[in-house]
Every structure is written in structure tokens, then in C-alpha cells.
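Colleague: Sharing a structure, written as C-alpha cells. Questions coming.
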Amino acid sequence: MAIKMLLFDFRESEKEFFKTYDSEIFDITFFKESLNDETVKNLTSEQLEQTYAISVFINSEVTQNVINSFKNLRIISTRSTGIDHINHKAAVEKNIDIINVENYGAKSVAQYTMGLMIALVRNILPASNYLLKKDRQCSSYIGRDISKLTLGVVGTGAIGAGLCKLAVAFGMNVLAYDINKKRELENLLDVKYTNIEELLSHSDIVSLHLPYTGDNYHMFSQKQFALMKNCSYFINTSRGELVDIFALDEAIRNKKIKGAALDVVTCEEAAFKCNQFSKKLKTDLKCMKEVEIINKLAQFPNVIITPHIAYETQDAVNYLLEMSFRGILDSIKGGSTYKMF
């Protein structure tokens with residue numbers, strides 16, 4: 001008998017994988033909607049009773065109420081590395097395995113970050129938008145040669161290390177900050193590890209690549225932006241919670257830093273998901289204020305904001321799904337290779 005599984009947050013980019021995916025093990029029902037306290041009410045009694053595994057993305061909120069709504073759930077698989085959108089305490093209490101995917105899209109995110117870096121430093125977006133204007137005013141789009149710049153990489157996990165390698169290939173000087181140093185970066189690529197204060201004050205570009213742990217909420221705020229060079233750029237393709245968007249807005253407006261590129265923000269559902277926009281605003285005043293700031297920031301020629309797509313290449317998406325199913329099968333067989341809890 002096939003194992004009943006519900007897959008939420010189903011996106012267009014994931015359809016390609018399922019064109020060739022053939023498994024007699026799973027009976028999968030797909031939902032474009034995220035799973036949360038509201039959408040769980042739309043599931044049938046049969047689905048709540050018979051579902052063995054669910055697969056979600058970071059847009060879902062797997063609360064205690066959601067977990068308790070399922071009667072025989074044994075696996076929660078998240079198609080992400082982070083699991084802070086899942087109430088793992090409630091899952092553990094019900095003996096439910098939580099499975100994630102480590103290091104997915106590492107190359108994709110590193111390459112995308114490099115692209116944002118070049119777009120910022122070379123003023124590519126404002127130069128392109130210039131041609132769309134009817135009333136074209138003469139402007140200068142002079143940039144910098146990135147091989148003359150110093151890159152500060154905060155966090156040298158798989159993505160940060162990948163960015164270091166790309167930056168060195170472009171001839172950049174690279175500073176790094178991480179509690180766990182990678183000796184191969186130091187020895188083979190001449191990356192210099194330093195403290196966060198020195199990195200911020202000496203880097204022309206600062207790129208953030210840390211996981212969100214809760215303890216590092218708003219680790220980039222007024223104090224950190226004040227330490228950066230007036231001519232420097234800030235890039236975040238990791239987690240929106242790490243950055244105080246109001247402090248960043250102030251730094252941009254006061255010309256404390258020269259520009260910024262963000263692929264992530266705190267209130268992504270409200271900022272990026274139009275079909276959930278009004279619903280989110282009704283319940284979260286802080287998100288409404290953040291979305292207002294994000295929309296205003298996006299109007300600046302020296303700011304680039306994209307809707308959390310750094311990881312999204314077809315190669316990375318296919319890998320993510322493949323590893324998700326591998327982890328679920330491992331859990332079914334009693335394994336623990338892919339388990340977080």
C-alpha cells in the first residue's frame with residue numbers, strides 16, 4: 001500500500017522533477033498553498049487521518065496545532081536547510097521525524113551573490129532602466145573594477161566558502177568571519193579570517209551567509225552599518241531575520257553605505273507573496289511597516305531586492321527534491337542519516 005504524503009508550497013520550478021519521478025512507494029497530493037493553522041482546516045478528515053509524511057518549504061508554519069491535527073503523521077520533511085518554521089518540540093513529543101536538506105543550492109546561491117555584487121558595483125540595473133525612460137537625462141554609471149575591491153564574507157559554510165572561491169577567481173582580496181575557520185580557504189586561497197569589526201571596517205563589499213539561529217536576530221543593525229565604509233555595499237542572500245531592515249534603510253538614506261542587495265527579508269510572505277499580502281497585514285502590524293520600508297528601498301537605484309530566488313536553479317531544485325525523498329525513505333527504513341530530530 002502506497003504511503004500517503006502531502007506536499008505543500010508546490011512551485012512551478014518543482015514540476016520538472018515530477019515529470020520524471022516515478023515511485024510506487026508514495027501517494028502524493030500536491031498543494032500550492034503553504035501549510036499553517038488556517039490551511040490545515042481545509043484538509044479532509046481522510047487526509048488528516050491517513051497522512052504519514054508531509055513535505056513543506058520555509059513559507060509554511062508547522063505549528064503545534066498543525067502537528068496535532070494529523071493523527072498518524074510520522075515524518076515532516078522540509079525542502080530547506082533551516083527548520084525554524086517547524087515546532088520541533090511538538091514533533092518530538094509525538095515521535096515525528098524532522099528531515100531537512102543540508103547545503104542545497106550552495107553553488108547556485110554563491111553564483112547569484114556574485115551576480116548581485118557585479119550588478120551593484122557596475123550599476124547595471126540603473127543603466128538598464130535608463131533605456132526604459134522616455135525623458136532620458138544624461139547620467140553617469142561609472143563603476144569599480146571588483147578585482148580592486150575587498151570582499152568581507154560573514155559565514156564560510158558551503159555557500160560562503162563557494163563565494164570566497166569565486167571572488168578569488170575574480171582577483172578580489174577576501175576577508176572572512178566564522179567561528180569555524182576553513183583552513184583550506186586560508187592555505188589555498190589566501191582568505192584572511194578576522195574579527196567582525198575589522199571585516200566590516202576594511203571591506204568594500206560585505207556579504208552575509210549565516211544560518212538563522214534565533215540568537216543572531218538582527219546581528220546587522222545600526223552598530224554594524226556604522227562600522228562599514230561609506231563607499232561599501234551590503235549583500236544578504238541568507239536570512240532576512242539577520243538584518244534590521246529599518247537600520248539598513250537609515251544607512252542607505254544617510255549614505256552611510258553606498259548600496260545594498262537583498263534576496264531575503266523578514267516578512268517574505270507579505271513582501272513577496274501577493275496572494276497572501278492582505279491576510280498577513282491584518283495580523284502583523286510590524287510586517288506592514290517592514291513591507292513599506294522594503295517597497296521604498298526597492299525604488300532606490302543603488303538597491304536591488306529580489307524575491308528569494310538565489311537558490312532557485314533547476315539543478316538545485318531537482319537536487320533538493322531528490323535529497324528530500326532520499327531522506328524520507330531513509331527514515332521509513334529506520335535510518336537517521338537525514339534526521340534533525
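Colleague: Kindly indicate the residue of the range 315-341 that is open to solvent by 50 Å² or more (accessible area, probe 1.4 Å) and touching a helix residue (DSSP H, G or I) at 6+ places or on another chain (Cβ under 6 Å) and also nearest to TYR21 (Cα to Cα) among those meeting that condition.
Modeller: TYR338
Colleague: Something else: Being modelled with pLDDT under 90 and hydroxyl-bearing (Ser, Thr, Tyr) is true for just one of TYR130, TYR112. Which residue is that?
Modeller: TYR130
Colleague: Across the range 225-238, what is the total count of residues that are touching an Asp or Glu at 6+ places or on another chain (Cβ under 9 Å) and open to solvent by 30 Å² or more (accessible area, probe 1.4 Å)?
Modeller: Looking only at that region, the number is 3.
Colleague: Additional query: Name the one entry in ILE257, ILE252 that is modelled with pLDDT of 95 or more, touching a helix residue (DSSP H, G or I) at 6+ places or on another chain (Cβ under 9 Å), of a type in the set (Val, Ile, Thr) and not in a helix (DSSP H, G or I).
Modeller: Residue meeting the stated conditions: ILE257.
Colleague: If you take the residues of the range 196-217 that are in contact with a strand residue (DSSP E or B) (Cβ under 7 Å, 6 or more places away or on another chain) and in a loop (DSSP other than H, G, I, E, B), which of them is least open to solvent (accessible area, probe 1.4 Å)?
Modeller: Out of the qualifying residues, it is SER203.
Colleague: Are there any pairs, at least 6 apart or on different chains, whose C-beta atoms fall under 6 Å, with the first in the range 293-307 and under 11 Å from ALA261 (Cα atoms) and the second among the charged types (D, E, K, R), and if so, which?
Modeller: Partner pairs satisfying both residue conditions: LEU297/ASP249; THR306/ASP263.
Colleague: Do we have any residue at all in the range 297-309 that's within 17 Å of the chain's Cα centre (by Cα), among the hydrophobic types (A, V, I, L, M, F, W, C) and open to solvent by less than 50 Å² (accessible area, probe 1.4 Å)?
Modeller: Checked against the condition, which is being within 17 Å of the chain's Cα centre (by Cα), among the hydrophobic types (A, V, I, L, M, F, W, C) and open to solvent by less than 50 Å² (accessible area, probe 1.4 Å), the range 297-309 yields at least one hit.
Colleague: Kindly indicate whether any position in the range 218-240 is of a type in the set (Val, Ile, Thr), closer than 22 Å to GLY82 by Cβ and in contact (Cβ under 8 Å) with a residue 40 or more places away in the chain.
Modeller: Taking every residue of the range 218-240 in turn, at least one turns out to be of a type in the set (Val, Ile, Thr), closer than 22 Å to GLY82 by Cβ and in contact (Cβ under 8 Å) with a residue 40 or more places away in the chain.
Colleague: Looking at the range 110-126, which of the residues that are touching a helix residue (DSSP H, G or I) at 6+ places or on another chain (Cβ under 7 Å) and of a type in the set (Gly, Ala, Ser) is surrounded by the fewest Cβ atoms within 10 Å (Cβ to Cβ)?
Modeller: ALA119
Colleague: Moving to a separate point now. Exactly one condition in (1) part of a helix (DSSP H, G or I); (2) of a type outside the set (Gly, Ala, Ser); (3) buried (at least 21 other Cβ atoms within 10 Å of the Cβ) is false for LYS41; which is it?
Modeller: It fails just one condition, (3).
Colleague: Suppose we keep only residues that are more than 17 Å from SER324 (Cα to Cα) and touching a strand residue (DSSP E or B) at 6+ places or on another chain (Cβ under 7 Å) within the range 63-102. Which one would you say is least open to solvent (accessible area, probe 1.4 Å)?
Modeller: Of everything passing the filter in the range 63-102, ALA91 is least open to solvent (accessible area, probe 1.4 Å).
Colleague: Of the conditions (1) part of a loop (DSSP other than H, G, I, E, B); (2) hydroxyl-bearing (Ser, Thr, Tyr); (3) touching a helix residue (DSSP H, G or I) at 6+ places or on another chain (Cβ under 8 Å), SER77 fails just one. Which one is it?
Modeller: (1)
The values are calculated or read from the model by the stated rules, or taken from the named source; none is laboratory data. These numbers were taken from a predicted model, which means no experiment stands behind them. No Cβ is skipped: glycine too gets one built from the backbone with ideal geometry, and neighbour counts run over all protein chains shown. Note: accessible area is taken over every heavy atom of the protein model, side chains too, but ligands, DNA and RNA are not part of it. Shrake-Rupley method; radii C 1.70, N 1.55, O 1.52, S 1.80 Å.
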